[in-house]
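The values are calculated or read from the model by the stated rules, or taken from the named source; none is laboratory data. As the structure is a computational prediction, the values presented were derived from the model and not from experiment. No Cβ is skipped: glycine too gets one built from the backbone with ideal geometry, and neighbour counts run over all protein chains shown. Quick note on the areas: whole protein, heavy atoms, side chains included, nothing else; ligands and nucleic acids left out. Shrake-Rupley method; radii C 1.70, N 1.55, O 1.52, S 1.80 Å.
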Amino acid sequence: MKPRIAVLGCGYWGSNHIRTLKALGALHAVSDANPARAEGFASEQDCLAIEPEALFGRKDVDAIVMALPPQFHADMAVRAVEGGKDVLVEKPIALTVADAERSVKAAADNGRVFMVGHVLRFHPAFETLKALIDNGELGEVRYIHSHRLGLGKFHTENDALWDLAPHDLSMILAITGSEPVEVRGEGAALLDRLSDFAHLHMRFPNGLRSHLFASRLNPYRERRLTVVGTKAMAVFDDVEPWERKLAVYRHAVWQDSGQWAFTANEPSYVAVGEGMPLTRELEHFIQCIETRAEPRTSGEEAIRVLRILTAGTVAHTGSPS
């Protein structure tokens, strides 16, 4: 029998978890601070509606997916694991490294699965890209840059960096296998005192460099991760259709008689099996609950992501600038 999972937080992303878990046959209950919202989803999905305060002590709930405003994640996660529940916490798992460490430690102390919703780690195109890198197809990776741009969403507690960058940082950390030794952030606040545009510059122990650009005030959508290696370059572009999501460029650059020369080749598109990342993520969560395995996107990884976010955050005071 599949684990009985409750979703705490029935907002935009929580509703996606609700529908996906229902399709996987693992949705047991929904919960929200707004009882009417929870009742509506419970009626629609034929599951229980449970008040948040009652959720953590329920014996018929094995695990909880948390899709709350991030300032509530740590306290709720601690209550859940102390109540014997496995948890999947949406990103970011907290707004401070200390809160993240507190919730991850509580899960370890109570022997509970703790997974974080870095959903793009489960995207088939990223999984294929990671396999190409691991197999040496790109040579030695020297540079990674990521662009995640669009219009919205706007939050009162976290800026564009904290809202948009965790997915990309998770992918970058998976590729590099290490934390950066240097992080430098730049940000611009146009609407309020939170960055609407954010840049991160990172340097890793082996000399690899990485740059991330996130914006919630951009007129067009861009979802692109580029990896530059010594043999080839690869681009994971999630805006493209499935047959063009992963491109490999086998450009060549060399010196000839003291001058630089290069050849620019057309991209070759790598076949990627279609699959919804959220479905694959929740399937992985269910498998971890059943086998007690460490999740691919663990709490420890999320702490590493938060350290980078914290180091790269730009504080704005006074009028937007």
*Hey, if we sort M76, M171, M276 by accessible area with the 1.4 Å probe, largest down, what's the order?*
M276, M76, M171
_So if I take the centroid of the Cα atoms in segment 130-164 and the same for segment 25-59, what is the distance between those two points in Å?_
33 Å
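Report, to two decimal places, the Cα Rg of the chain normalised by 2.2 N^0.38 Å (N = number of residues).
Values: Rg = 20.8 Å, N = 321, 2.2 N^0.38 = 19.7 Å.
Ratio of Cα Rg to 2.2 N^0.38 Å: 1.05.
From largest to smallest, what semi-axes in whole angstrom does segment 83-237 give when each is the square root of 5 times an eigenvalue of its alpha carbon gyration tensor? Could you put the intermediate results ahead of the total?
Numbers: eigenvalues 131, 103, 43 Å².
Equivalent ellipsoid semi-axes, largest first: 26, 23, 15 Å.
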*Summarise the accessible area of segment 5-112 (1.4 Å probe, protein heavy atoms) by the percent that is carbon and sulfur.*
52 percent
*In debye to the nearest 20, how big a dipole does segment 5-112 give about its Cα centre with +1 on each Lys and Arg Cβ and -1 on each Asp and Glu Cβ?*
200 debye
*Cα centre as origin, Lys/Arg/Asp/Glu Cβ charges: the chain dipole, Debye*: 260 debye
*Please return the longest stretch of the chain lacking exposed loop sites, where GluC sites (Glu not before Pro) count only if DSSP places them in a loop and at most 13 other Cβ atoms lie within 10 Å.*
1-139
*Would you mind pulling out the separation of the Cα centroids of segment 258-282 and segment 169-231, in Å?*
19 Å
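For the chain, what does the helix formula give at 222 nm: sum of -39500 (n - 2.57) over DSSP H segments with n ≥ 4, over the residue count, nearest 500 deg cm²/dmol?
Values: 9 runs with 107 residues, N = 321.
Mean residue ellipticity, 222 nm, calculated: -10500 deg cm²/dmol.
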_segment 108-221 - percent relative contact order, Cα under 8 Å, separation 6 or more_ = 32 percent
_Tell me the accessible surface of L68 in square angstrom (1.4 angstrom probe, heavy atoms of protein chains only), to the nearest ten._
40 Å²
*If the cut-off is a Cα-Cα distance under 28 Å, which lysines reach K91, setting aside same-chain residues fewer than 8 apart in sequence?*
K2, K22, K59, K105, K130, K153, K245
*Kindly work out what percent of the DSSP beta bridges joining two residues of segment 5-112 are antiparallel, to the nearest 5.*
0 percent
*For segment 5-112, what are the per-bin percents of Cα-Cα distances with bins 5 Å wide, up to the bin holding the maximum?*
2, 14, 26, 24, 19, 10, 4, 1
